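Peer 1: Here it is, the structure, as structure tokens.
The values are calculated or read from the model by the stated rules, or taken from the named source; none is laboratory data. Since the structure is predicted, the reported quantities are computational estimates derived from the model, not experimental observations. Glycine gets a Cβ as well: all are built from the backbone with ideal geometry, and neighbour counts include every protein chain shown.
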Amino acid sequence: MVDLENYIYISEDLISINKQVVIEEDKYSIWAYVVDKVENKIVLDCFLCTRGTQILNSSKVQEFINQGFAPPLSKMYSNSFSIIEDLAEEDIKINYDEGLIRLNIKDIEYAILDLKNKKSYSKSISNSGPYGHELNGYYNSIT
């Protein structure tokens, strides 16, 4: 579990489209959010990774939500990219181009947030479901 005093928090304004990208770590996982700066609300989110905490039983999800945390990744959606124990803010890069926000971790493309189609894709999940869509799903949709 991460020391919450040193958790990851990155915020970058996309002034040209009135959006803000926020990457935030909580007690169990790291998520990316796109915030509409005019309406001041989250319009898209994306699971990035976990430091190691996973849940085996999906019936436990509500317990984490009740504690005020996004639930940890369910083991059934995890893969070899899901856990990054040694992640630092400087390892994460945000790139925006033509309606796509691409997030790289340690120079590897980890997520795409497609603003036009309002879908997020993550390398850290093994199949599409409650955590979003798997990254390969993005590339399959454009071929």
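Peer 1: May I ask you to list the residues in region 1-34 that are under 17 Å from the mean Cα position of the chain (by Cα), modelled with pLDDT under 95, of a type in the set (D, E, K, R) and more than 17 Å from Ser124 (Cα to Cα)?
Peer 2: Of everything in region 1-34, just one residue is under 17 Å from the mean Cα position of the chain (by Cα), modelled with pLDDT under 95, of a type in the set (D, E, K, R) and more than 17 Å from Ser124 (Cα to Cα), namely Lys27.
Peer 1: Could you tell me which numbered condition Asp114 fails, if it satisfies all but one of (1) farther than 20 Å from Tyr138 by Cβ; (2) among the acidic types (Asp, Glu); (3) touching a residue at least 24 places away in the same chain (Cβ under 8 Å)?
Peer 2: (1)
Peer 1: Could you go through region 42-57 and let me know if any residue there is at pLDDT 95 or above and exposed (fewer than 15 other Cβ atoms within 10 Å of the Cβ).
Peer 2: Yes: region 42-57 contains one or more residues that are at pLDDT 95 or above and exposed (fewer than 15 other Cβ atoms within 10 Å of the Cβ).
Peer 1: For region 97-130: of the residues being part of a strand (DSSP E or B) and of a type in the set (A, V, I, L, M, F, W, C), which is surrounded by the fewest Cβ atoms within 10 Å (Cβ to Cβ)?
Peer 2: In the first step, residues of region 97-130 are kept if they are part of a strand (DSSP E or B); the result is 97, 100-105, 108-114, 119-122, 129.
Right, trim to of a type in the set (A, V, I, L, M, F, W, C) and you get 100-101, 103, 105, 108, 111-113.
Numbers: Leu100: 15, Ile101: 23, Leu103: 23, Ile105: 20, Ile108: 10, Ala111: 27, Ile112: 21, Leu113: 28.
So the residue we want is Ile108.
Peer 1: Something else: In the list Phe69, Phe64, which residue meets the criterion of being hydrophobic (A, V, I, L, M, F, W, C), within 20 Å of Asp26 (Cβ to Cβ), at pLDDT below 85 and not in a helix (DSSP H, G or I)? Before the answer, list the steps.
Peer 2: On the way: Phe64 fails: not in a helix (DSSP H, G or I).
Only one candidate qualifies: Phe69.
Peer 1: OK, next. For region 92-143, which positions are among the charged types (D, E, K, R) and within 20 Å of Ser78 (Cα to Cα)?
Peer 2: Residues of region 92-143 among the charged types (D, E, K, R): 93, 97-98, 102, 106-107, 109, 114, 116, 118-119, 123, 134.
Matches in region 92-143: Lys106, Glu109, Lys119, Lys123, Glu134.
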